[in-house]
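> Supplied in structure tokens, the structure appears directly below.
The values are calculated or read from the model by the stated rules, or taken from the named source; none is laboratory data. Fair warning: this is a prediction, and the values are worked out from it, not measured in the lab. Heads up, the Cβs are rebuilt from the backbone with ideal geometry, glycines too, and the neighbour counts pull from every protein chain shown. Accessible surface is based on the protein model in full, side chains and every heavy atom, while ligands, DNA and RNA are left aside. Shrake-Rupley method; radii C 1.70, N 1.55, O 1.52, S 1.80 Å.
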Amino acid sequence: MNAMTLNMYQLVIMADDKQVVLERILQVTRYRGFLINAMNAEVNTGNNVATITMTVSSERPISLLVDQINKLIDIKSVKVDNSEVQIQQYSA
Amino acid sequence: MTESKTLTGSSLLFEVLKDHGVQHVFGYPGGAIMPIYDALYDSDVKHFLCRHEQGAAFSAVGYARAAGTVGVCFATSGPGATNLITGLADALADSIPIVAITGQVPTAAMGSDAFQEIDIFGLSLACTKHSFQVTDINELEKVLHQAFEIALEGRHGPVLVDIPKDVQLAEVTQRLDKLSHLRNKVKLPLADISKALDLLTHAKQPILYVGGGVGMANAVEEVRQFAEKTGMPSVSTLKGLGAINPDNENYLGMLGMHGTKAANIAVQESDLLVVVGARFDDRVTGKLDEFAPNAKVIHFDIDTAEINKRRTADAAILGDLKGNLPLLTTDLEISVWQQRLQQMKTDFTWRYDHPGDNIFAPAVLKTVSDLMPSNTCVTTDVGQHQMWAAQHMAFNDPSNFLTSAGMGTMGFGLPAAIGAQISRPHDTVIAVSGDGSIMMNIQELATIKRYQIPVKIVLIDNAKLGMVRQWQDLFFDGRLSETDLSDNPDFVMLSRAFDIKSQKITKKSEIKAAVEEMLDHDGPYLLQVKIDAAENVWPLVPPNTANDKMMEGV
Ligand SMILES: Cc1ncc(C[n+]2csc(CCOP(=O)(O)OP(=O)(O)O)c2C)c(N)n1
Ligand SMILES: [Mg+2]
């Protein structure tokens, strides 16, 4: 049997407001093994900063994803904010 | 704003290349990049026409790696751009700074499935460090400067700039004043030096584990001094070879799947790993859970994302290795450990006394290594010959051993050697290739012919996809599926077709004279070395196995 614990996290990402930035975040998130449960992106905010909030889940530690998103050139900051998320654990 | 001369986007590109000291580019023209090739006509930049865009990308990689600078390549839209992708992926995996410029269909045609239109910007997301698509001529200069900056900043990597044809033709009247495009550097957290020093002074069996990051950080001297002053026994990854002086008595050679027995046992027994510019790659660690099971880890890296990615660090030191490593230099009381490992190194030294008349590939490569001039740059392709080169040749700097490590890309060796030779015209450049790999970019012999590039090619010919054949023999019941190449072309005749001097040897007794003839020859040369198809690379740590459980030859 394959025991697996999925943890859920909410990320708040500030990024340069460029068309491609969402694609970059989606690509990295999928490739590094995280599922996207929900996403909200507010772009064109006038100050050229986009705010993206994502709820993701994975059996992997969230620091792996945070470090990789942070490495993207257009990203200004990434924060894990679990105040809004009910941390859920699934066992499969 | 400075000059008010009118420039097209294309001529602006060459101005920016000049700003960054670019003298050579590798490329292949086509419809959507014609304005750039037209501007090239008037430029001082020397362009090398490769015979496939993959060749151009690998030549840019070889150029960058051999000279420690940024390599540049050009390709047209659509198929030209897609042909670059393997080279970009290779550069990403090995952290090589290259800038790839692609032509794109005009902005008005973009998104209409136009002729030779492909979304290379979209395709680039997974195979570059960063990429740009410039749809506004006023952004072009800034983007081009940023491309060079990003390629070299922090952990190096490939950057792609896609330029639609109308932007290449559009005019600008102003150039940027100064480097006002500079991005804010990321601040790295403070290094955990005191914790690391504490770990180090308590260690009884420490090992210095050296990776490709050392060369890229320009920290070869610092790492060598650290190894000398502390007397710490050291091991190297494939990409780290050349960082430690091969004559250092405490250096044990390469670790990992085809590493030396001494290196792998030492790492498994160590109580502290000092990791410099390495990333616990699966080819290095074998079964991760059983890798160096009793060792604490001090991890030096420029990339935060490598810390704790595959192995938890007890102390992490982020940032510039050159400045950080000397802070850890201290006296160690490890003479018992040193002596044990030196003894192991002697006990398990390589043997070249292979029976019979047939040529033993490790012996040829050892001979080449012994006879080649001291600053020779060696490139390899991928397979058994690559591992034999890593095991049996000695390099005095990482920029003298260029191999596709992270991606393991067959076809790398020949075009990378071309790039290396162009960046270092006064050094000898040798490509060690295999009979499978060389066919993957064989068209680059035409590039050698056209520019009379004096690359020496040592072709280890087992008439097999040898590395795959070895695995089929060992792990797939000897079911040899699609690994026979006994109908390869006649490589001597093929070389002749490209005006490249060539010789084939089949016997041990011919090795020395043939290698000397090759090295003495002024121009390009191909030495075909026939070896026994059944030879295997030893030792071998089978996949997902601990590194001390290696298989050895009979
Ligand atoms: C582009 C690419 N395709 C496939 C492979 C898988 N592969 C790894 S080694 C190898 C055999 C290489 O044969 P050759 O160049 O003759 O080297 P040898 O192992 O015989 O020395 C193959 C097919 C690869 N590494 N790269
Ligand atoms: Mg072969």
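> Can you pull out every residue in the stretch B:258-271 that is in contact with a helix residue (DSSP H, G or I) (Cβ under 6 Å, 6 or more places away or on another chain) and more than 12 Å from B:Ala390 (Cα to Cα)?
B:Ala262, B:Ala266
> Say whether the condition of being open to solvent by less than 40 Å² (accessible area, probe 1.4 Å) and under 13 Å from B:Pro539 (Cα atoms) is met by at least one residue in the stretch B:267-285.
no
> Considering every residue within the stretch B:536-545, establish whether at least one is within 16 Å of ligand 1 (Cβ to nearest atom), exposed (fewer than 14 other Cβ atoms within 10 Å of the Cβ) and not assigned by TED's automatic domain parsing to the domain that holds B:His52.
Yes, some residue in the stretch B:536-545 is within 16 Å of ligand 1 (Cβ to nearest atom), exposed (fewer than 14 other Cβ atoms within 10 Å of the Cβ) and not assigned by TED's automatic domain parsing to the domain that holds B:His52.
> So in the stretch A:1-41, with the set limited to residues that are assigned to a strand (DSSP E or B) and of a type in the set (Gly, Ala, Ser), which one is modelled with the highest pLDDT?
A:Ala38
> Please state which one of B:Ile150, B:Ile193 is in contact with a strand residue (DSSP E or B) (Cβ under 8 Å, 6 or more places away or on another chain) and at pLDDT 95 or above. Talk me through it step by step, then tell me what you get.
Numbers: B:Ile193 fails: at pLDDT 95 or above.
Every option except B:Ile150 fails the conditions.
> Which of the residues that make up the stretch B:447-474 are surrounded by fewer than 17 Cβ atoms within 10 Å (Cβ to Cβ), away from ligand 2 (no atom under 16 Å from the Cβ) and among the hydrophobic types (A, V, I, L, M, F, W, C)?
Selection gives B:Leu474 alone.
> Being open to solvent by less than 20 Å² (accessible area, probe 1.4 Å) and closer than 26 Å to B:Ala147 by Cβ is the filter here, so list the residues in the stretch A:17-64 that pass it.
Answer for the stretch A:17-64, where residues must be open to solvent by less than 20 Å² (accessible area, probe 1.4 Å) and closer than 26 Å to B:Ala147 by Cβ: A:Val20, A:Val21, A:Arg24, A:Ile25, A:Val28, A:Thr29, A:Ala50, A:Ile52.
> Would you list the helices (runs of 4 or more DSSP H) that sit entirely within the stretch B:270-382 and hold 1 or more residues that are at pLDDT 95 or above and either within 14 Å of another protein chain (Cβ to nearest Cβ) or in contact with a Ser or Thr (Cβ under 9 Å, 6 or more places away or on another chain) (or both)? It would help to see each step written out before you state the result.
Details: elements: B:282-285, B:321-324, B:335-347, B:361-371.
Result: B:282-285, B:335-347, B:361-371.
> Might you let me know whether the stretch B:433-440 holds any residue that is within 23 Å of B:Cys50 (Cα to Cα) and away from ligand 2 (no atom under 14 Å from the Cβ)? Give the steps one after another, and end with the answer.
Step one: filter the stretch B:433-440 for residues within 23 Å of B:Cys50 (Cα to Cα), giving B:433-440.
Applying the additional criterion that residues be away from ligand 2 (no atom under 14 Å from the Cβ) yields none.
Scanning the stretch B:433-440 turns up no residue that is within 23 Å of B:Cys50 (Cα to Cα) and away from ligand 2 (no atom under 14 Å from the Cβ).
> To continue, here is another question. Name the residues in the stretch B:105-128 that are at negative phi and within 14 Å of another protein chain (Cβ to nearest Cβ), would you?
Correct list: B:Thr107, B:Met110, B:Asp119, B:Ile120, B:Phe121, B:Gly122, B:Leu123, B:Ser124, B:Leu125, B:Ala126, B:Cys127, B:Thr128.
> Scanning the stretch B:134-146 for residues that are out of contact with any Gly (no Cβ under 6 Å at 6 or more places or on another chain) and part of a helix (DSSP H, G or I), which turns out most open to solvent (accessible area, probe 1.4 Å)? Let's see the steps before the verdict.
Within the stretch B:134-146, the first condition is being out of contact with any Gly (no Cβ under 6 Å at 6 or more places or on another chain), and the residues that meet it are B:134-136, B:138-139, B:141-146.
Okay, now just the ones that are also part of a helix (DSSP H, G or I), so B:138-139, B:141-146.
Numbers: B:Asn138: 113, B:Glu139: 76, B:Glu141: 12, B:Lys142: 81, B:Val143: 13, B:Leu144: 4, B:His145: 5, B:Gln146: 26 Å².
Here the answer is B:Asn138.
> Still on this structure, I have one more. Among the candidates B:Ser59, B:Ser131, single out the residue that is within 14 Å of chain A (Cβ to nearest Cβ), crowded, with 24+ Cβ neighbours inside 10 Å and not in a loop (DSSP other than H, G, I, E, B).
Working: B:Ser59 fails: within 14 Å of chain A (Cβ to nearest Cβ).
Result: B:Ser131 is the single residue among B:Ser59, B:Ser131 that is within 14 Å of chain A (Cβ to nearest Cβ), crowded, with 24+ Cβ neighbours inside 10 Å and not in a loop (DSSP other than H, G, I, E, B).
> State all residues of the stretch B:286-301 that are within 24 Å of the chain's Cα centre (by Cα) and open to solvent by less than 10 Å² (accessible area, probe 1.4 Å); if no residue qualifies, say none.
B:His299, B:Phe300
> Go through the stretch B:409-528 and tell me which helices (runs of 4 or more DSSP H), entirely inside it, have 1 or more residues that are in contact (Cβ under 8 Å) with a residue 12 or more places away in the chain and more than 15 Å from ligand 1 (Cβ to nearest atom).
Counting at least 1 such residues, we get B:413-423, B:445-451, B:491-497, B:511-520.
> Which ones in the stretch B:472-499 are of a type in the set (A, V, I, L, M, F, W, C) and in contact with a Ser or Thr (Cβ under 9 Å, 6 or more places away or on another chain)?
B:Phe491, B:Val492, B:Met493, B:Leu494
> Pull up the stretch B:475-507, narrow it to residues that are open to solvent by less than 50 Å² (accessible area, probe 1.4 Å) and within 11 Å of ligand 2 (Cβ to nearest atom), then point me to the one that is nearest to the other protein chains (Cβ to nearest Cβ).
Residue satisfying both the conditions and the ranking: B:Thr483.
> Would you say B:Ala420 is within 16 Å of ligand 2 (Cβ to nearest atom), open to solvent by less than 10 Å² (accessible area, probe 1.4 Å), closer than 28 Å to B:Gln23 by Cβ and more than 14 Å from every other protein chain (Cβ to nearest Cβ)?
no
> If you go through the stretch B:147-169, how many residues are closer than 18 Å to A:Arg24 by Cα and in a helix (DSSP H, G or I)? Talk me through it step by step, then tell me what you get.
Restricting attention to the stretch B:147-169, the residues satisfying the condition of being closer than 18 Å to A:Arg24 by Cα are B:147, B:150-151, B:157-162.
Narrowing further to those that are in a helix (DSSP H, G or I): B:147, B:150-151.
Qualifying residue count for the region: 3.
> Which residues, counting only those in the stretch B:204-236, are open to solvent by less than 10 Å² (accessible area, probe 1.4 Å), under 18 Å from B:Ala316 (Cβ atoms) and part of a loop (DSSP other than H, G, I, E, B)?
B:Gly211, B:Ala219
> Let me ask something else about it. Does B:Lys5 satisfy the condition of being more than 23 Å from B:Pro97 (Cα to Cα) and open to solvent by 20 Å² or more (accessible area, probe 1.4 Å)?
Details: more than 23 Å from B:Pro97 (Cα to Cα): yes; open to solvent by 20 Å² or more (accessible area, probe 1.4 Å): yes.
So B:Lys5 passes the test.
> Hey, could you check the stretch B:18-35 for residues that are assigned to a loop (DSSP other than H, G, I, E, B) and open to solvent by 40 Å² or more (accessible area, probe 1.4 Å) and say which is nearest to B:Gly103 (Cα to Cα)?
Per the criteria, the residue is B:Pro29.
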